[in-house]
Amino acid sequence: MLCRLAPRPLSAQLHIHRRRDPVSSLSASLLEREWMLPSPATPIHKISLSKPHQSQLSHGLTPSQVSYSNEPRPALGAEAIGAREQTPSFFMVRDDLLHPLVNGNKARKLDALLPILQQYSATDIVTCGGCQSAHTAAVAVCCAERGIRSHLLLRGEQPDVPTGYNLISLMYGRTSYIARPLYARRKELLLQHASEVAGGKGSIVWVDDILGKDRYNSNLEGACVGHLDGFGSSINQGEVEEGSRRVVIVNEGADSVAGLLGVMRLVRYLSQTHLFGAKQQIRIVVDAGTGTTAVGLALGVTLLGLPWKVTAVMLADPIERYKERERCLTSNFKRFVPVKFSETSTDGVGDGTLQWVERTHPRKFGKVWEGEIEACRQIAQQTGILVDPVYTLAAWEQAVLHSLEEIEKDVKVVMLHTGGTLGMFGLAQRYKPYFITSEQLTVHSLP
């Protein structure tokens with residue numbers, strides 16, 4: 001994972017100085033800008049559970065042991081949210097519905113990033129990801145919609161039958177496949193490929209290095225700090241010849257400061273009085289691939305002064321790497337933030353706002369266990385909501401556990417549905433037996 005720390009001592013716990021209106025202060029300094037999404041709004045559903053027997057809890061609960069019902073238009077606002085629940089339940093933020101081809105968390109990360117690239121007059125984007133990367137598919141689609149060429153370095157071998165996110169990347173972007181041993185050096189590969197795209201007269205810059213040139217935030221204007229990793233230098237827009245390529249490198253998973261802003265915009269939206277409000281205790285649950293979305297949620301919660309906590313279910317790395325990424329993103333974020341912080345710790349977002357947890361049944365990333373496809377099918381049939389076994393089922397399981405734990409407390413559980421529908425197509429090829437049930441019948445003739 002790419003991570004470029006600012007060249008100063010790391011101190012990452014954030015305590016915003018008390019202000020009379022922290023929401024308006026943050027809005028003026030960070031969130032009043034041009035966005036990719038026309039609105040931060042997203043549907044909110046409410047999932048109710050049939051409370052399991054105590055014996056089931058003692059032996060380890062699985063999603064198939066619970067029945068679910070979905071309320072697509074639940075009562076929200078201070079009075080409704082503050083009411084005591086009679087049965088276990090959790091709210092679901094349906095970011096999976098933001099775009100037909102783009103995962104919700106990917107759309108949030110690109111929400112501020114794409115307009116920044118357009119302001120920079122970027123002609124080409126170079127990024128990377130796995131063979132079935134939702135990130136590369138999102139970049140390819142969103143760039144194509146705005147006339148920007150995307151160049152995607154995909155880990156592994158080209159599938160015999162393109163499907164899912166791989167198919168979307170192939171159709172909307174320019175794909176190259178990288179052998180797995182070489183992919184470990186993806187930072188060098190990204191720069192090398194960007195150089196080939198730019199040619200002799202073009203320019204190359206990493207996305208966070210142009211954040212300071214974003215004119216939509218006057219507090220950040222002129223704050224470009226150049227390449228902190230020793231690759232190249234800052235690009236003066238006036239030095240690039242007219243008609244030449246302006247190539248921007250985006251980290252795997254949009255793991256960047258710019259990727260945090262759209263997630264923070266979502267937090268501000270959800271904290272409005274007619275939704276969850278700024279006073280109700282909330283436990284947000286999200287699945288964590290790179291962890292960028294979880295860090296963005298936690299930073300938004302901290303900067304807005306909300307009594308919320310974020311639970312991030314770790315899927316791809318050990319906790320040490322997630323904590324390091326948290327420290328890295330937080331430190332880099334603070335280089336661009338005009339809000340003053342008191343810095344007393346070196347422990348990431350700090351104050352216990354962000355909690356990294358193992359998924360209910362830990363495993364190697366990408367592995368699907370027997371019974372999990374059936375659990376996804378049950379959820380889909382009972383609620384009309386599709387989750388996938390690699391990412392969002394892990395968040396669903398954690399939301400179920402939290403809803404059972406918090407039933408006697410004044411805490412509401414909210415799951416952020418990040419998407420994953422297209423990933424099911426690739427999984428259906430890899431785990432074909434799991435998608436066939438004894439209930440499926442073949443009709444050969446009519447009576």
If the limit is 18 Å between Cα atoms, which of 109/187; 323/409; 309/409; 46/412; 106/364 go over it? 109/187; 323/409; 106/364
What list of ³J(HN,Hα) values in whole Hz, one per residue of region 158-168 in order, does the Karplus curve 6.51 cos²θ - 1.76 cosθ + 1.60 (θ = phi - 60°) give from phi, with Gly and Pro shown as x? 5, x, 4, 10, x, 7, x, 5, 4, 5, 5
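Which GluC sites (Glu not before Pro) in region 140-216 sit in a loop by DSSP (not H, G, I, E or B) and have at most 12 other Cβ atoms within 10 Å of their own Cβ? Don't jump to the answer; show the numbers that get you there.
Details: sites: 145, 157, 188, 196; in loops: 157.
Qualifying residues, ordered by number: 157.
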Among rounded, prolate and oblate, which fits region 79-151 when a ≥ b ≥ c are the square roots of the eigenvalues of its C-alpha gyration tensor, a/c under 1.5 means rounded, and a/b larger than b/c means prolate? prolate
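Given a Förster distance of 22 Å, report the FRET efficiency between residue 378 and residue 432 from their Cβ-Cβ distance, rounded to the nearest 0.05.
Values: r = 19 Å, r/R0 = 0.88.
With a Förster radius of 22 Å, E is 0.70.
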Would you tally the net charge around residue 82, using a Cβ to Cβ cut-off of less than 10 Å, leaving residue 82 out, and scoring K and R as +1, D and E as -1? +1
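Taking only the alpha-carbon atoms of region 360-436, what semi-axes of the equivalent ellipsoid follow from 5 times the gyration tensor eigenvalues under a square root, in whole Å, largest first?
Details: eigenvalues 124, 34, 25 Å².
Listed largest to smallest, the semi-axes of region 360-436 are 25, 13, 11 Å.
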5 Å is the cut-off here: which amide hydrogens, built 1.01 Å from N in the peptide plane, fall below it relative to residue 155, excluding neighbours closer than 5 in sequence? 129, 130, 131, 178
Per-residue HN-Hα couplings for region 74-83, Karplus 6.51 cos²θ - 1.76 cosθ + 1.60 at θ = phi - 60°, whole Hz, x for Gly and Pro? x, 5, 10, x, 4, 5, 5, 5, x, 5
So which trypsin sites (Lys or Arg not before Pro) in region 347-380 end up in coil per DSSP with only 15 or fewer other C-beta atoms within 10 Å? 363, 364, 367
Neighbour cut-off at most 12 other Cβ (10 Å), DSSP loop, trypsin sites (Lys or Arg not before Pro), region 67-119: 84
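Per residue, what accessible area does region 63-138 have, given a 1.4 Å probe and all protein chains present, in Å²?
On the way: 2550 Å² over 76 residues.
I get 34 Å² per residue for region 63-138.
The values are calculated or read from the model by the stated rules, or taken from the named source; none is laboratory data. Every value quoted in this text rests on a predicted model; they were computed, and no experiment measured them. We place every Cβ from the backbone using ideal geometry, glycine too, and count neighbours over all the protein chains shown. The area values use the complete protein model at the heavy-atom level, side chains included, leaving out ligands, DNA and RNA. Shrake-Rupley method; radii C 1.70, N 1.55, O 1.52, S 1.80 Å.
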